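One structure is given below, represented as structure tokens, and several questions about it will come after.
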Amino acid sequence: MPTKDLISVVVPCFNEQEVLPATHARLAAVMQAMEGFDYEIVYVDDGSRDETGEMLRQLQASDGHVRVLFLSRNFGHQMASTAGLDAAEGDAVVLIDADLQDPPELIPEMVARWKEGYDVVYGQRRRREGETAFKLFTAKVFYRLFHRLAAIDMPLDTGDFRLMDRRVVQAVRRLRERDRFLRGMVSWMGFRQTAVLYRRAPRAAGQSKYPVWKMLRFALDGIFSFSVLPLRLATVLGAGVLGAATVALLYALVAWVSTGQWVGGGAALVMAMLLLGGVQLLCLGVIGEYVGRIYGEAKQRPLYLLRERLGFPEQRVAGADVPARSGYQDAA
Ligand code: UDP
Ligand code: MG
């Protein structure tokens, strides 16, 4: 008898006590109803400071499909997702937010597309309800900008809600970069990808853990890790300023020859200085962004640390296919 496919669902959680019981109820209902598949739900407690950890312990005690990873502190959504992907053992792995903004009911459709032969099935947002106009606008601008700047073709309006075949998950495990932008990384990898459309619901309960500054930093991570165009900006600006200065100098020379008068004007001098200073600082800043990231990578710290693993079958060494410098060994 052929063994059943195992589907892993990875759920990063940070202070989600308000919504967690509802999330688990809906997830478990959907997964139980899927015939012909085994499943595991891997919750990652990303250093929650509320009752989330305790709730996860109780869920694990009462439901044999539940596994829990406790990170040693808050490492952020992308690292928590990474930890979950490292530990998930499924033939296919679904990554989903804990706040029910991504409907679990979409999972059977994703699995069906996977069974048709697709390696990545990502959720594409048709509509987003209950988001502020500001978030909708910034998200739109970002995805268009990213599309222009980055050398990869990332589908518009997708988040991290997606199903990945085991081979894709293994590939993700080999990308140990620190400034993680999972959805971009998965697009970069290729394989056969397809979309399922859905409406992004409002958060079921609790608060967004992405304040504006975190969103901005995340957007910058996306752009800087996938594009060197900002570096080229320095060249373009430098050429522009040089051109302007040359024109001004020619003008002054012509005026000198024709009238015998050298151009005066402390104001012009100050303007030129400010302009040049501004351009130089901007370029230094851009270079600094990349140098800072190189420094971060050079330290080769583990991406996250585990405090505890709960409910995982012990016989299999999870993450055995992760390269040595990943930090996984320290974690396990
Ligand atoms: N999350 C996390 N660590 C963090 C922040 C968020 O694991 O530091 C989780 C959070 O619990 C949720 C998901 O990442 O499951 C998405 O976060 P959120 O809903 O706050 O982001 P938004 O949907 O507002 O962009
Ligand atoms: Mg959310």
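The values are calculated or read from the model by the stated rules, or taken from the named source; none is laboratory data. In this text, all values refer to a predicted model and were calculated from it rather than measured experimentally. Here the Cβ is made from the backbone with ideal geometry for all residues, glycine too, and neighbour counts use every protein chain on show.
Being farther than 28 Å from Ala87 by Cα, under 16 Å from the mean Cα position of the chain (by Cα) and in contact (Cβ under 8 Å) with a residue 60 or more places away in the chain is the filter here, so list the residues in region 146-177 that pass it.
Phe146, Ala150
In the set Leu182, Leu175, Leu197, which member is within 16 Å of ligand 1 (Cβ to nearest atom) and of a type in the set (A, V, I, L, M)?
Leu182
If you scan region 245-267, which residues turn out to be touching a helix residue (DSSP H, G or I) at 6+ places or on another chain (Cβ under 8 Å) and surrounded by 12 or more Cβ atoms within 10 Å (Cβ to Cβ)?
Across region 245-267, the qualifying residues are Ala245, Ala248, Val263.
So if I check each of Glu109, Glu89, which one is assigned by TED's automatic domain parsing to the domain that holds Val19, more than 15 Å from ligand 2 (Cβ to nearest atom) and under 30 Å from Glu308 (Cβ atoms)?
Selected residue: Glu89, the only one of Glu109, Glu89 that is assigned by TED's automatic domain parsing to the domain that holds Val19, more than 15 Å from ligand 2 (Cβ to nearest atom) and under 30 Å from Glu308 (Cβ atoms).
With respect to Val68, is the statement that it is touching a residue at least 60 places away in the same chain (Cβ under 8 Å), within 16 Å of ligand 2 (Cβ to nearest atom) and assigned by TED's automatic domain parsing to the domain that holds Thr82 true?
No; evaluated as a whole, the condition is false for this residue.
If you go through region 190-244 one residue at a time, how many are assigned to a strand (DSSP E or B), modelled with pLDDT of 80 or more and surrounded by 16 or more Cβ atoms within 10 Å (Cβ to Cβ)?
Adding up the residues that qualify gives 5.
Further question: Anything in region 171-205 that is away from ligand 2 (no atom under 16 Å from the Cβ) and of a type in the set (Ser, Thr, Tyr)? List them, or say none.
Ser187, Thr194 - these are the residues of region 171-205 that are away from ligand 2 (no atom under 16 Å from the Cβ) and of a type in the set (Ser, Thr, Tyr).
When you scan region 195-213, do you find a residue that is in the same structural domain as Met110 (by TED's automatic domain parsing) and under 13 Å from the mean Cα position of the chain (by Cα), even just one?
The answer is yes; a qualifying residue exists.
Would you be able to tell me the number of residues in region 84-106 that are surrounded by fewer than 24 Cβ atoms within 10 Å (Cβ to Cβ), under 14 Å from Val121 (Cα atoms) and under 19 Å from the mean Cα position of the chain (by Cα)?
The number of residues fulfilling the criteria is 1.
Is it the case that region 47-63 has a residue that's in contact with a Leu (Cβ under 6 Å, 6 or more places away or on another chain) and under 28 Å from Asp119 (Cα atoms)?
The answer is no; no qualifying residue exists.
So, one more: In this structure, does Leu100 turn out to be under 26 Å from Trp213 (Cβ atoms), of a type outside the set (Gly, Ala, Ser) and in the same structural domain as Gln32 (by TED's automatic domain parsing)?
Yes, satisfied.
Of the residues Ser227, Ser208, which single one is away from ligand 2 (no atom under 16 Å from the Cβ) and of a type in the set (Gly, Ala, Ser)?
Sole residue among the options that is away from ligand 2 (no atom under 16 Å from the Cβ) and of a type in the set (Gly, Ala, Ser): Ser227.
Return yes or no: is Leu250 out of contact with any strand residue (DSSP E or B) (no Cβ under 9 Å at 6 or more places or on another chain) and without any contact (Cβ under 8 Å) to a residue 40 or more places away in the chain?
yes
May I pose another question? Yes or no: His24 in the same structural domain as Asp160 (by TED's automatic domain parsing) and modelled with pLDDT under 95?
no
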